[in-house]
Amino acid sequence: MAVKIRLTRIGRHKDPFYRIVAADSRYARDGRYIEQIGYFDPQNGVENATIDEELALKWLNLGAQPSDTVKAVFKAKGLNAKHAGVEDKKPAKKAAKKVEEK
């Protein structure tokens, strides 16, 4: 199952409002999703999106792939840096152990 972090539209006609969700990539855009991560209102801008950082980092660490728009929202909120910091620490520990063994 390929999990994507993407937007689902819930706004009315000509007034979009989106949920940020983790969903199986085979499901319809506005269909079933696994877990809701936050909200995004494009009229208020990317900076004002509401995101549960703990859930977002959980799904990113589990290998979920964000859509391009969600990547931009995460970048504005600083989640990309937090996620990259978590990933960078893991290989550094392995490299340190290999150096100690030699």
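Rule-based calculations on the coordinates, nothing more; no lab input. Values in this document were obtained by computation on a predicted structure and should not be read as measured data. Ideal geometry is used to build each Cβ from the backbone, glycine not excepted, and the neighbour counts take in all protein chains shown.
Please identify the trypsin sites (Lys or Arg not before Pro) of region 11-62 that satisfy two criteria: DSSP loop assignment and at most 16 other Cβ atoms within 10 Å. Which are they? Within region 11-62, the qualifying trypsin sites (Lys or Arg not before Pro) (loop, at most 16 other Cβ atoms within 10 Å) are K14, R26, R29, R32.
Please give the per residue volume of the convex hull enclosing the alpha carbon atoms of region 1-90, rounded to a whole number of Å³. Each step should come with its number before you reach the end.
Numbers: hull volume 7.7 nm³, N = 90.
Dividing the Cα hull volume of region 1-90 by its residues yields 86 Å³.
Cβ-Cβ distance of A84 and H13, R₀ of 25 Å, FRET efficiency by 1/(1 + (r/R0)^6): the value works out to about 0.05. Exceedance of the 24 Å cut-off in Cα-Cα distance is limited, within the set K14/K82; K4/K77; K4/K75; K14/K58, to K14/K82; K14/K58.
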